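Working notes, structure below.
The values are calculated or read from the model by the stated rules, or taken from the named source; none is laboratory data. Keep in mind it's a predicted model, so treat the numbers as computed, not measured. What goes into the accessible areas is simple: the full protein's heavy atoms, side chains included, and nothing from ligands, DNA or RNA. Shrake-Rupley method; radii C 1.70, N 1.55, O 1.52, S 1.80 Å.
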Amino acid sequence: MFRRIVIACFGLIALASADGCTANVAGSWQVVDVKPRGASFPFNRVTFDGQGKYTATGLYDSEGQMSEDVHTTTGQVLRKGGDVRLVPAKGTAVIYKTRRRLDGKLEMTLRVPGQDRPLTAVLEPTHDGALLE
């Protein structure tokens with residue numbers, strides 16, 4: 001009996017984990033934490049419209065260059081498993097590993113060429129549908 005309960009619990013955990021890897025990212029999200037601490041993520045806010053398009057704002061332009069100005073980038077979203085590829089209308093495509101956490105937040109991890117450690121951002125839903133600067 002105990003063995004069945006343990007197997008059932010592991011099955012539920014596996015289902016929850018699998019759903020977190022492929023869960024829908026549609027909606028508006030705001031970055032609330034970045035690891036490693038002090039690092040900057042390519043955008044501060046992003047909206048995925050559910051139709052395969054995104055709009056992001058941040059200090060990085062579509063070519064991946066950081067500046068003092070806030071930039072808005074739009075483009076297509078391509079999903080494959082836990083990967084999200086953001087393809088800007090002008091610029092270079094970027095692939096993020098994504099997962100939905102059990103608390104409803106979204107984690108996006110970016111491997112930057114030439115850097116040893118990846119950047120991981122935690123995003124919360126904004127529920128407002130607008131991108132503010």
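Amide H to amide H, which residues 5 or more places from Gly75 or on other chains are under 5 Å from it, using H placed in the peptide plane?
Distant-sequence amide H within range of Gly75: Tyr54, Ala89.
Using modelled amide H (1.01 Å from N, peptide plane; none on Pro or chain starts), what sits under 5 Å from the amide H of Leu59, excluding residues fewer than 5 places away?
For Leu59, the qualifying residues are Asn44, His71.
Give me the accessible area per residue for region 19-133, probe 1.4 Å, as a whole number in Å².
It amounts to 60 Å² per residue over region 19-133.
Identify all lysines with a Cα-Cα distance to Lys97 below 16 Å; exclude those on the same chain that are fewer than 8 residues away in sequence.
Lys35, Lys80, Lys105
Using θ = phi - 60° and the Karplus form 6.51 cos²θ - 1.76 cosθ + 1.60, what ³J(HN,Hα) does each residue of region 47-57 get, whole Hz, x for Gly and Pro?
10, 9, 7, x, 10, x, 10, 9, 9, 10, 10
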